[in-house]
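Below is one structure, written out as structure tokens, with a few remarks after it.
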Amino acid sequence: MSIEALGFYLGLGLFHGLNPAMGWLFAVALALQHNSFSWIPRAVGALLVGHFLAVLFTCGIFVLLGKALSPFWVKGLSGIALFGFGFYWLFRARHPNWVGMNVGIMDLVYWSFLMASAHGAGLMVFAGSSFCGKPFFLWSMQGGSFKLFLYPSVVHSLGYFLAIFLIATVVFRADLLQFFYKKWINFDILWSISLFLAAMGIALG
């Protein structure tokens, strides 16, 4: 994996993790409920597992599609899916729910899997391969394709983990939860714009 690709996938994970709706808010809430910092690494670990599995699952689907369909159809399906997720989050973007966060670790794994899938995280990793020199639909035509889409998923999830762990730690230690409640930034709109850009990149690539 090139330095450019490493930076892209890592940066994408960091950007995704900034969104409070993607998990760090849950980690802070659980730590506050139990009055213990130890809940942050526990919650973040569960969120990481769910996020990674969702990205890996989506990438795996498109690699399998690449074995059955022509590159034209794989590009078309991924582009349409990216546009669809982009429009969904553009019109659904709203303030995250700050209450009702009494959940368990397995609930977080399941929730993180659903949220990462619903946000099109795996699709963004898929699209990113086109910007890093080797489109995913070509990877499926090569031997060892599992490793080829495993590595980007790992790097992306690492960036996601670093973002939510660091933010959750700072917010909990500095007691900044109320500040973020008042100064909330609509990350869903920013993410939808990223999805649109990725879709256009595939369409023009």
What number of residues within the stretch 14-70 are of a type in the set (Val, Ile, Thr) and within 14 Å of Leu123 (Cα to Cα)?
-> 4
Which pairs do you get when a residue that is at pLDDT below 90, found in the stretch 21-44, comes within reach of a residue that is assigned to a helix (DSSP H, G or I) and among the acidic types (Asp, Glu), reach meaning Cβ atoms under 9 angstrom, with the pair 6+ apart or on two chains?
-> Ala21/Asp188
Extreme residue, modelled with the lowest pLDDT, among residues of the stretch 148-176 that are surrounded by fewer than 21 Cβ atoms within 10 Å (Cβ to Cβ) and hydroxyl-bearing (Ser, Thr, Tyr) = Tyr151
Going through the stretch 1-60 one residue at a time, which ones are surrounded by fewer than 17 Cβ atoms within 10 Å (Cβ to Cβ) and aromatic (Phe, Trp, Tyr)?
-> Phe37, Phe57
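Which residue out of Ser192, Ser145, Ser129, Ser140 is modelled with pLDDT under 80 and closer than 15 Å to Leu82 by Cβ?
Ser129
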Given the conditions (1) part of a helix (DSSP H, G or I); (2) out of contact with any helix residue (DSSP H, G or I) (no Cβ under 8 Å at 6 or more places or on another chain); (3) at pLDDT 75 or above, which single one is not true for Phe179?
-> (3)
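The values are calculated or read from the model by the stated rules, or taken from the named source; none is laboratory data. Everything numeric in this text was worked out from a predicted model, so none of it was measured. Heads up, the Cβs are rebuilt from the backbone with ideal geometry, glycines too, and the neighbour counts pull from every protein chain shown.
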